[in-house]
Amino acid sequence: MAENEKTGKLLEVKDLHVSFFTPAGEVKAVGGISYDLNYGEVMGIVGESGSGKSVEAYSIIGLLQSPGKVIGGSITLEGEDVLAKSKEEMIALRGSKVAMIFQNPMTCLNPVYTIGNQLIEALKAHDKKVSKQEAAKRAMEMLELVGINNVQKRMKQYPHELSGGMRQRVMIAMGLICHPQLLIADEPTTALDVTIQAQILELMKDLQKKTHMGIIFITHNLGVVAEICDKVSVMYAGKMVEQGPVDDIFYKPGHPYTMGLLRSMPRVDAESYERLIPIEGTPVDMLNPPEGCPFAPRCEYAMKICLQKMPPYVELGDGHRSACWLRVQEQLQREKQGAAETKEVPEHE
Amino acid sequence: MTKYVLKRVLMAVITLFVVICLTFFLMNAVPGTPWLSEKTPSEATIAALNEKYGLDKPLIVQLGKYLENLAHLDFGNSIKMQKDRPVLEIILTMFPISASIGAIAILWAILVGVPLGCLAAYRRGTWVDSLLRVICTIGISMPGFVIATMLLHAFTGGIEGLKFFPTIFQQGTAKSYVLPCLALGFYPMCYLSRQTRTAMLDAINQEYIKTARAKGLRNKTIIFKHALRNALIPVITYLGPQIAFTLCGGFVVETVFTIPGLGRYFVSSISNRDYPLIMGTTIFLAAFIIVMNLIVDLLYKLVDPRINLAKGGE
Amino acid sequence: MAEKKMKRPIGSLRPDVDDILSWNDLPENAFEPASTEEKESFIQDRESVSYWKDAWRRLKKNKVAMVAMVIVILIGLFAFVGPFIVPYSYDQVISGANNIHPWHYSLEDQAKISAYIEEHTGTANLSPDEAVAQAEAEAAARGETLSAVDAAKIRAAAKANQGKGEENVTQDDAVKALGIKAKPFGYTNAELERMAAGESVFPHVFGCDTQGRDIMVRTMIGARVSMIVGICCAVIVLVIGALYGSISGYCGGKVDAVMQRIVEVIYTIPEVLVILLMGSTLKPILEEFQNSGDGPLQNLVTLLGANLISIFLTFGLLYWVTMSRLIRGQILQLKQQEYVTAARALGAEGGRIIKRHLLPNCIGQIVTTTFLQIPSAIFTESFLSFLGMGVSAPMTSLGSMCSDALGGLNTYPYRLFIPAAILSLMILCLNLFGDGLRDALDPRLKK
């Protein structure tokens, strides 16, 4: 594989706002999120369904379908403004610089074309000069790389003749065939069996090391994040509520939602038979989001201010920040040195 | 696959048998005899005629005899409209006219309807889509005779300066075929176009289209390679009934344009109670339609790679 | 929600200075725990709406469907209320009204026209009697609004025809030369005279047919027949299909297998062929039955008419198949679901499960399919009537009116276009409304 040991910023997302203009009104699916991703870095985006994590990823690759629209902010990929690109430039970008794989490998491959056909097509879309034999050779190399054997035969098979795990491997091969700098994986393991999940994760880790590409890994499974990611962004109701290196998120979570997520996750190292604690309540209505912190109604530490005003980001460590009034309160207390009343602040886990 | 084909052929034979029995008993339940025409014949004549054509025997015996003859492709002779002429001969002289009009009609319906459906789906939400949708909804809401009579009125002298086509159908002249084929193909064209649009939109919303977009394919490749091939599979299933419908729609078009085809003949044989002719025409048309449906159905299984051809079953 | 935050560049992780300053302005009780009530009132829940209310709301937004609905209602009024307003009946032959157009010339204009024709044509070589006889024989081609009753006018018309050749003057030429304008609606000359005498006469809005029957009333009755056929067939299809489908789906096993083979056979029967056959054969059978005695069943047949019953039977026997498949599929799908198993475990009876649990879940699709059966039944009925196998004289339907109009198509095109237009409009609007209904009732589109 072509080794590119480039360093620095690969992707920079700044204050991104995405809205869906439905007949019932504007749905602010993504309400101002920012993050950086360096070359060769793996970032996890965690959140529950409808938190805007997929929408955010689609806007990077220009796959937002109407009525979805980016209404503010910027996305910079390798120093180029993605949002300013024309339709043609976006088509050239997709698949070559940025690739994407999806949740359900059962429905993501076209049932009426062979695996070989779909792989070669992905290559030919960006490399017009490549000959048929050359393309077929490259496709078979890719299939071998993702751990598929008997590639000659596989090339001629239709998707329905392969198992789910195998199809996801084909999807990955298809994504990587043009050596992208950035791979967006939208819940790539959710629809698979647990054992297959582990294999696919292993494969992705392995490929990431070989190709040194950046990966945005979208999931609702914190376990997967711990396995593969360098840093994590936690999203809730279109907001990024916490962001930081993977260790900080796991051992020093700064937002009650993150804490809740961690508590609802089964742990192998749990000493006693702890109960998993679900997060109570349902997510907010995205059609008319309330003022203030969207998590407040489900938050056990909710304060009066939480219902009135969205909290600002508070720096908790190197690259670790969180948007929660509790953290603001802590910081104020630290600054004012015991001027205010002393109040119990929940311990970090 | 063989098992599936056998099963379908068996079903087709059973259906045909049901149609034969149904036709036979219905026809015989109709009061009156075929001999009542201008002058009422005497009792003795009726009895003699009944005996000659075997109509004096019990119904079940008549049916058995008929089926036995049918096995030798003997449809019997006409007893009224073209007396004593073999039914099969009558059918074979009339059917080519109906079939040629039907074939041209369904051909233009497919060649125009399917691309229009794609166009509407490709440009969905634009004025092109709205216009096509209006035309096609009107098209499937106008009974065949309305379109046929309007065309007849407009282009055979009803409107000044538009008399392009002859009023009387003449076999073999291309001009005579234009209006009947146009009228006959209009409904299936609109119907197919609507179905294609729906199937295309359905295909466009599938996940593999998202994959194709993520691969960086051009819009045209996505629509015409990935969506169309998938959309055509369900459209093929609509073709079977449409071919049948077009053939039977021929009844109306043949009546309006006075075409000496099988459809018109079938209608008049019913009102004339020419039993062997009714039976013969019904069986022939039914068999034809059932076979067409069968072929289209098997074709469908062949086009879809998800159907495993080596192993049996669906 | 966070207007302030949107303006703030937060690409970096620096805390915002403005924000830090504003922290000091926070209210005293800012960091007190919020009460449960406060949390609850925080989210304004959207009011939950019932399925039907929600569907109706979406239907109301669909302008095309609403316009279609209004037109269907208007046609319904035309068909069901119209005949009570118009003082003619569909089989009433109005004397002297043969072939009158939906327009007329006043009596003075008619006198002028005949004078003009007389003036410009050679002398009459036919005796008046001969002229009358000839005019009557060829009434269809001549006479126009000139009534056959008025002997003088016939004579004039006959003279005009006599002059075939170099000096042929038709009524149209006369009208053009004199610059006379036709007035809307048709009247017979007798009616025009009555009107001149001060009586008010209901016009023949669409003219009259060859036998002098009012076309508008006949159109109304035809539309009524179409609507009755459509609605009754839809109901028949719904009842048979729902019963058959739910029994087949619910029982499963061998019962289902046998019932499905029957459905498959009926499905592959070429329907139009069988409809034609049944439409034409059932009618005489029913008529015979009707005349065979005086029982309640016979009376029922007489009441509804053998024609309509034979159409209903034909539809009832063939078209329920799709509906039964739909319902069976829905039931098989729902049967797997847990709440049905739960209901069963609680000892609910089969019929109760179908009624309480299964049907409410597929009601949307059933309503749509049933509704779309109406235009398709109307479509097929008109096709049968056009071929002379549906409703028969003196009863009329839009299809048979079109068929009757074929003979004089070039002279009286409106006789075809009026019923054809109403028929097409009715089917179109029913289809459009049905499409709207499907969109409104389909829960998958619910957002």
With Cα springs under 10 Å, the Gaussian network model of chain B assigns the largest mean-square fluctuation among B:Asp297, B:Asp202, B:Asp274 to B:Asp202
Per-residue average of other protein chain Cβ atoms inside 10 Å, peptide A:290-298 -> 4
Descending packing, highest mean Cβ count within 10 Å first, for C:378-384, B:143-149 is C:378-384, B:143-149
Of A:205-218, C:63-76, ordering from highest average Cβ density within 10 Å down gives A:205-218, C:63-76
Taking placed amide H atoms and a strict 5 Å upper bound, the residues 5 or more places from A:Ile71 or on another chain that come that close are A:His17, A:Val18, A:Ser19
When B:Tyr122, C:Tyr187 are ranked with the fewest other C-beta atoms within 10 Å first, the list becomes B:Tyr122, C:Tyr187
Between B:Thr126 and B:Leu70, the two model label points (7 Å from Cα along the beta-carbon direction) sit apart by a distance in nm of 5.4
Note on chain A, DSSP bridge orientation, antiparallel percent to nearest 5 equals 65
Links exceeding 24 Å between C-alpha atoms in this model, out of A:Lys14/A:Lys69; A:Lys69/A:Lys209; A:Lys69/B:Lys215; A:Lys124/B:Lys220; B:Lys220/B:Lys301; B:Lys3/B:Lys65, come to A:Lys69/A:Lys209; B:Lys220/B:Lys301; B:Lys3/B:Lys65
Ranked from fewest to most other Cβ atoms within 10 Å of their own Cβ, C:Lys335, B:Lys3 fall in the order B:Lys3, C:Lys335
Projecting the Cα atoms of A:Met259, A:Phe295, A:Gly175 onto the charge dipole of chain A, where Lys and Arg contribute +1 and Asp and Glu -1 at Cβ, the residue farthest towards the positive end is A:Gly175
Beyond 28 Å (Cα-Cα) in this structure, taken from A:Lys156/B:Lys210; C:Lys60/C:Lys335; C:Lys254/C:Lys335; B:Lys175/B:Lys225, we find C:Lys60/C:Lys335; B:Lys175/B:Lys225
Computed from every Cα-Cα pair in the stretch B:95-312, P(r) in 5 Å bins starting at 0 and rounded to whole percents is 1, 7, 12, 15, 15, 14, 12, 9, 7, 4, 2, 1, 0, 0
Each label sits 7 Å from Cα toward the beta-carbon; between C:Ile262 and B:Ala103 the label points are separated, in nm, by 4.0
Here FRET efficiency (C-beta to C-beta, A:Glu89 to A:Asp247, R₀ 45 Å, nearest 0.05) is 0.75
Given all pairs of distinct Cα atoms, chain A yields a Kirkwood Rh in Å of 21.7
Quick calc, the stretch B:95-312, dipole around Cα centre from Cβ unit charges on Lys, Arg (+) and Asp, Glu (-), nearest 20 debye, gives 1020
1/(1 + (r/R0)^6) with r = Cβ-Cβ of A:Gln133 and B:Leu6, R0 = 41 Å, i.e. FRET efficiency to nearest 0.05, evaluates to 0.45
Rounded to a whole number, the mean other protein chain Cβ count within 10 angstrom for residues of A:181-192 is 0
Each residue of B:133-145 has, on average, a number of other protein chain C-beta atoms within 10 Å of its C-beta equal to 6
1/(1 + (r/R0)^6) with r = Cβ-Cβ of C:Val64 and B:Ala44, R0 = 41 Å, i.e. FRET efficiency to nearest 0.05, evaluates to 0.05
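Each reported figure results from applying straightforward, stated rules to the coordinates on display, with no laboratory input. Note that the structure is a prediction, hence the values are computed from the model and not measured. Cβ: placed from backbone, ideal geometry, glycine included. Neighbour counts: every protein chain shown.
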